[in-house]
Structure formats: structure tokens, C-alpha cells
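This report refers to the structure that appears directly beneath it.
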Amino acid sequence: MIIAILIIKYKPAYKVILGGEDLGYIENKKEFEKIIDENILNKQGENIAFVTINKDLQYEFAFIDDENETNEQEIINKVELASTTTYTSYAITINGENKEYVSSKEEAENLVEEMKKQYEEKLQCEIGIVKVYTENPEDWKTDTIEIAKTNINNQLEDKLQEKIKIEESTVNGVLLASQPVTGIISSRYGDRESRSSGHGGLDIAAPLGTKIYACGDGTIVQAGPYGGYGNLVIIDHGNGVQTYYGHCSKIYVKKGQTVKSGENIAAVGSTGDSTGPHLHLEIRINGTRINPQKYFYKNK
Ligand SMILES: [Zn+2]
């Protein structure tokens, strides 16, 4: 009699416990596990690498009241909420640094191949692909291949322009990147006007007192009057490279002092053999004067 009541009133079930929390009851454990497996752990979708359930999933055998409804779907939803999906994407790298993300390996390979052809040799940089895992689908979904391509291309182009600029501003291994003064070219290197030998420097006319900046890093080896140069500053940049700044009205540096590229070292004047305020600029390599317009005021 008692057994009969038990059979009518109670049915076997499993209590589902997730991370210590009772979620409710299911009737068929095998069926439930199959659903978890198919719908959560082996979920199919774009770029899904794997899914993990972050909490411990446990089952407890129980007899439940026949009237007591099981809530399988609700439990599945809760388990899904406690799961993390990890996606794969492909990072385009420049010198080992992740720069852009795309969703497919094929897209990444095509892009990298194209960029390598254009830039790898010129820039001597390494362009590659790294497979990356991310829990945030936005990491790869936001970048379409076109955007990634444009961004990578821009970054490489910037690097290339920067490299060219440095190369063009490098004199015998020394970087001379700061234009010394703003003004108008009044006499070019090699001009023979009223001189027996050619003009050994470049004259840039500018108002009296205009700031003169160091062309590059170096040490002051001359800071004072020097014959026809008037007040002369000479900066030694190392590697046999020196720059001369003649006819200054004022000098703000002292012999032996080190200066940085772009530092204000003097002011434009008309001291020495000069007919009006201008900077006489010379660049010398091991004592030989070269045309400053190879480096500054190129198109003037
Ligand atoms: Zn001159």
C-alpha cells in the first residue's frame, strides 16, 4: 500500500546544482547532458573556438512529487549564462606587435602577402599573422577586411615616410632634422657673386633677432667672434659632422656645452662680413663644406 502511494505520488529525478546553487529538477539526466553538450559546449558558430562552463555542474538523484514540475529549459538557460565562449581571430602583426584583427586565416594571409610585397623589403620589418583567442566577439567582428587593410596600409606607409625622412636628414650617420631659421634664401651654396671662390654655405635672410635653432644634437665648439663670420657658433655633431651659424647678433650658448636638436642657440644678425641680417649656414663633413640645401630648404 505504502509502495503504491510512493509510485503514484513520487517520480525519480535529478537535482541540478551549478556552482553550489540549486537550479531545480530534471527527469532525464542523459537527455539533459546531451542538450548541454550540443547546445552549449559544442555550440556551432562563426569563429567559435571553444565553450567552457565556468561553474561546477553536479547532479543529485532524488524522488520528486509528481505534481512538482521540472524546469529543464530554465536550467539550460542558467547553465548557458554561466558559460563563456572563446572566439578565434587572426592578428596582423608588425614586428611582433598585434595591429589589426580579422576573422579568417585566409583573409589574414592574403592581406599579409600583399603588405609584404609592398613594404617588407623597403621597411625591413616583419609582417606576420598570429592566431588569437578572445572572449569578446567585438574584437574581431568590428574590423572588416577593408578596414584592417586600410589601417595596416596607413601604419606601414607612415613608417616608410618616417624612415625616408630620417634617411634624408641623415648626414654621415648624424641626424640633422631641425631647420635652423625661418627666412628667405638670399645666397646659395656655390654662388660666385662678388667672391673669388664659391660660397661655402647658404645664406638665409631673416629679421634681426630671429631665433636660430641647432640643426641637430651636438657639442658647441665655437661661440664668439671669428673673422668674417662675425659672431659664429659651431656645433660638432660627431662623426666628423659640424654645422656653422655665422653673423649672429646674439649667442646663447657657451663652448663645451651640449645642445639638443631644435634648441635656440643664437639670434640672426649682421656681424662680420655681412651686408644685412642673415644666417650664414654651413654643413661640413670632415672639414669639407657640402650644400646645406641637400638637407634644409630643399625646394626653395
Ligand atoms: Zn654666406
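For segment 1-92, GluC sites (Glu not before Pro) meeting the loop criterion (DSSP other than H, G, I, E, B) and having at most 16 other Cβ atoms within 10 Å: Glu27, Glu46, Glu67, Glu69.
Restricting attention to segment 159-218, which GluC sites (Glu not before Pro) occupy a DSSP loop and are surrounded by at most 15 other Cβ atoms within 10 Å? Mind dumping the intermediate values first?
Numbers: sites: Glu162, Glu167, Glu168, Glu193; in loops: Glu193.
Loop-located and lightly packed - Glu193.
Taking a straight line from the alpha carbon of Lys159, these lysines sit under 19 Å away, with near neighbours fewer than eight places off in the same chain left out: Lys99, Lys116, Lys117, Lys122, Lys149. Across segment 2-81, Cα pairs under 8 Å and at least six residues apart give a relative contact order of 43 percent. Taking the C-alpha atoms only, the angle from helix 105-115 to the longest principal axis of the chain is near 10 degrees.
Annotation: aspartates and glutamates with alpha-carbon distance below 12 angstrom to Lys255 (same-chain offsets under eight excluded): Asp236. Which of the aspartates and glutamates could a cross-linker span from Lys163 if the Cα-Cα distance has to be under 17 Å and same-chain partners fewer than 8 positions apart are dropped? Answer for Lys163, where 17 Å is the Cα cut-off: Glu120, Glu121, Glu126, listed by chain and number.
Going through the cross-link list Lys29/Lys78; Lys43/Lys131; Lys254/Lys300; Lys211/Lys260, which pairs have a Cα-Cα distance over 22 Å in this structure? Kindly include the intermediate steps, with their values, before the conclusion.
Numbers: Lys29/Lys78 16 Å; Lys43/Lys131 20 Å; Lys254/Lys300 32 Å; Lys211/Lys260 15 Å.
Cα-Cα > 22 Å for Lys254/Lys300; rest within.
Only helices enter this figure: runs of n ≥ 4 DSSP H residues, each worth -39500 (n - 2.57), summed and divided by the residues of the chain, yield -6500 deg cm²/dmol at 222 nm to the nearest 500.
Beta carbons within 10 angstrom, averaged per residue: use that to sort the peptides 281-291, 202-212, highest first. Walk me through the intermediate numbers first.
Numbers: 281-291: 16.4, 202-212: 18.6.
The peptides rank, most packed first, as 202-212, 281-291.
Around the amide H of Gly200, modelled in the peptide plane, lie the amide H atoms of Gly190, all under 5 Å away and 5 or more residues distant in sequence or on another chain. Here the chain is assigned +1 on the Cβ of each Lys and Arg and -1 on the Cβ of each Asp and Glu. Its dipole about the Cα centre then comes out at about 2880 debye. With the convex hull constructed from alpha-carbon coordinates only, the chain shows a mean projected area of 25.6 nm² over all directions. Quick one: helix 72-81 against the long Cα principal axis of the chain, what's the angle to the nearest 10°, folded into 0 to 90? Taking the Cα atoms of the chain, the angle to 72-81 is about 20 degrees.
Coordinate-derived values only; no laboratory data. Small disclaimer: the values here were computed from a predicted structure and weren't measured. Here the Cβ is made from the backbone with ideal geometry for all residues, glycine too, and neighbour counts use every protein chain on show.
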